[in-house]
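Taking it in order: structure first as structure tokens, then the write-up.
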Amino acid sequence: MRISVIGCGYLGAVHAAAMASIGHEVIGVDVDEEKIARLGRGEAPFHEPGFEALLREQLAGGRLRFATGIEQVRDAEVHFVTVGTPQVAGGWAADVVHVDAAVAALAAIARPGSVVVGKSTVPVGTAARLAEALEGAGSALVWNPEFLREGFAVRDTLEPDRLVYGVRPGAAGVEPTLEGRPEVAAIDAVYAPMIARGTPRIVTDWATAELVKVSANAFLATKISFINAMAEIAEATGADVTTLADAIGLDARIGRRFLNAGVGFGGGCLPKDIRAFAARAEELGLGDSLAFLREVDAINLRRRDRVVELVLDALGERRSDDRVAVLGLAFKPDSDDIRDSPALDIAVRLHGLGVDVVATDPAALDNARGRYPRLGYVATAAEAVRGAAVVVLLTEWADYRGLDPVTLRATAGDSPTIVDGRNVLDPATWRAAGWAYRGMGRG
Ligand code: UDX
């Protein structure tokens, strides 16, 4: 099929390349000329395992191209809207200005019978409002949320756990069933290989589809904050939150995933999505229903305070003299994304308190340096640790999990402390190598 993808950020760029790889003719559009130029040259504008290879392969195959002008997508049969919905300045709500602009532009040029598919994460009720803008154009609107995780974006796009299509709610007995809509057949044709593999597919109304996305993220954020709240209790009682998570996670109803206590969640999705969801509930007069999300956010942010406290405690009198090595700046491993990153936030706060911070990350250094040029940066963990009194592990890159405490002890400062902000190191091994070990909720 002829497909357009409007917005070539994380979601859109990966979606465009993935759709080309399953046989569609794809044009990706963005207003950012530099980004489009890079994508067109086969350069990934962000770190994502497997993406650049896929991009190059699809550009070479001739089915994928990128452009800056929206008029170039006129002939597409299906238009995906994948623009960002950031948190508004000075508030909790999502800013849908880019979604509105993309749909208005499509309304002016889309051919009758084409389908507009929203993938951006939006406040519930947005699709119904956008459909009005599309009315005169003769295009149907489908809401098809995306659940991709950074670091696994290619795999999550090509092998999703489920497909959710939200379509215009029908008037019972008058219109065809939701399943019988022509726009559903069009999206089925786009995702034909996934459907042939038996990927679960749910066809529902717009509001449900919009809510599936934000409620999934709210649930994941709540699960992480739950275990981090248990970490707070564990810290006060001498209990071990990792063992606790293992034990409760064995209950199949609970499950062990997303129960890793540490410095909490960050990134371009979970923090802003729970805030936007709570803000939307308030607009609907249902603030109480999602008031717990404010607690989820507060617990998450308190974990950052805790790490700062642990580091200052370890430095004691040596606060202004001794070096602190920060391992990890990205919001999670296998990503160079520093949006709302707990790691970068902690590094910057320590620096602001007068601590001599030397930070490193395998992929996010350039992004961090661009944002906070005054922080000290080095290329490797070995350089960061040299002479450091305190080492803080904040992003659990495989390289950092595998660090050898004996080798590092030889170059670190006197009686060093390791603060394991992700609970991924073995306390006994580090202690045996001469480190004071401090974890998150580990006794
Ligand atoms: C998330 C959702 O998983 C994805 O489905 C959605 O589409 C976008 O948002 P992503 O932001 O890539 O994806 O990251 P995710 O893997 O969910 O991790 C989010 C944050 O939670 C990271 O900062 C991670 O370090 C943290 N986390 C995750 C924990 O602190 N503990 C855990 O147990 C799991």
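The values are calculated or read from the model by the stated rules, or taken from the named source; none is laboratory data. Predicted model, so just to flag it, every value in this text is computed and none were measured. Note: ideal-geometry Cβ built from the backbone for every residue, glycine included; neighbour counts use all protein chains shown. In case anyone asks, the SASA skips ligands and DNA or RNA and just uses the protein heavy atoms, side chains included. Shrake-Rupley method; radii C 1.70, N 1.55, O 1.52, S 1.80 Å.
Things to note:
- Two-site label geometry, Ala128 and Ser415: point separation in nm, points 7 Å out along Cα→Cβ: 6.5 nm
- Each residue of region 318-330 was assigned a 3J(HN,Hα) from its phi angle through the Karplus curve 6.51 cos²θ - 1.76 cosθ + 1.60 (θ = phi - 60°); the sequence is 7, 3, 8, 9, 8, 8, 10, 8, 9, 9, x, 10, 5 Hz, with glycine and proline shown as x.
- For region 110-129 and region 9-43, distance of Cα centres in Å: 20 Å
- Surface share of carbon and sulfur [accessible, 1.4 angstrom probe, percent] for the chain: 54 percent
- FRET efficiency estimate (nearest 0.05) - Cβ-Cβ, Arg349 to Gln72, R0 45 angstrom: 0.50
- Nearest-10 value in Å² for the accessible area of His15, using the 1.4 Å probe: 0 Å²
- Only beta bridges with both residues in the chain are counted; by DSSP, about 5 percent of them are antiparallel.
- Acute angle (nearest 10 degrees) that the helix 291-315 long axis makes with the longest principal axis of the chain, alpha-carbon atoms: 30 degrees
- Accessible surface, 1.4 Å probe, highest first, among residues Tyr377, Tyr191: Tyr377, Tyr191
- Taking Cβ atoms as reference points and 13 Å as the exclusive limit, the residues near Ala105 contribute a net charge of -2, counting Lys and Arg as +1 and Asp and Glu as -1.
- Residues whose amide H comes within less than 5 Å of that of Phe80, counting only those at least five positions distant or on another chain, are Ser4, Val5, Ile6, Val117 (H built at 1.01 Å from N in the peptide plane).
- Alpha carbon Rg of the chain, scaled by the compact-globule rule 2.2 N^0.38 Å: 1.06
- Full-extension gain in nm, Ala398 to Ala291, via 0.36 nm per residue minus C-alpha separation: 34.9 nm
- A full extension of the chain between Thr199 and Thr407 corresponds to an added length of 70.1 nm, given 0.36 nm per residue minus the alpha carbon distance.
- Highest average packing first - 358-371, 237-250, Cβ atoms within 10 Å: 358-371, 237-250
- Magnitude of the charge dipole for the chain, about its Cα centre and with charges confined to Cβ atoms of Lys, Arg (+1) and Asp, Glu (-1), is about 340 debye.
- Rounded to whole numbers, the Karplus 3J(HN,Hα) couplings from phi for region 142-149 are 10, 9, 10, x, 10, 10, 5, 9 Hz, using 6.51 cos²θ - 1.76 cosθ + 1.60 with θ = phi - 60°, and x at Gly and Pro.
- From phi via Karplus (6.51, -1.76, 1.60), per-residue ³J(HN,Hα) for region 26-40 in Hz, x at Gly/Pro: 10, 10, x, 10, 8, 7, 7, 5, 5, 4, 5, 4, 5, 4, x
- Most mobile of Ala389, Ala433, Ala140 in a GNM of the chain (Cα contacts under 10 Å): Ala433
- Probe 1.4 Å - accessible area at Met230, Å² to nearest ten: 60 Å²
- Pair Met1, Ala101: separation of 7 Å Cα→Cβ label points (nm): 2.7 nm
- For Tyr377, the amide hydrogen comes within under 5 Å of the amide hydrogens of Ala359, counting only partners 5 or more places away or on other chains and with H modelled in the peptide plane.
- Amide hydrogen proximity for Ala412: with H placed 1.01 Å from N in the peptide plane, the residues at 5 or more positions away or on another chain lying under 5 Å are Gly387.
- Among 300-307, 54-61, the peptide with the highest mean count of other Cβ atoms within 10 Å heads the list, and the full ranking is 300-307, 54-61.
- Calculated FRET efficiency for the pair Glu317/Val378, C-beta based, R₀ 22 Å, to 0.05: 0.30
- Each part reduced to its alpha carbon centroid, region 261-296 and region 396-443 end up 33 Å apart.
- Relative contact order, percent, the chain [alpha-carbon distance under 8 Å, six or more residues apart]: 12 percent
- Spin-label proximity, Glu282 to region 97-119 - amide N less than 20 Å from point 7 Å beyond Cα toward beta carbon: 97
- Dividing the helix sum by the residues of the chain, where each DSSP H run of 4 or more adds -39500 (n - 2.57), gives a mean residue ellipticity at 222 nm of -13000 deg cm²/dmol.
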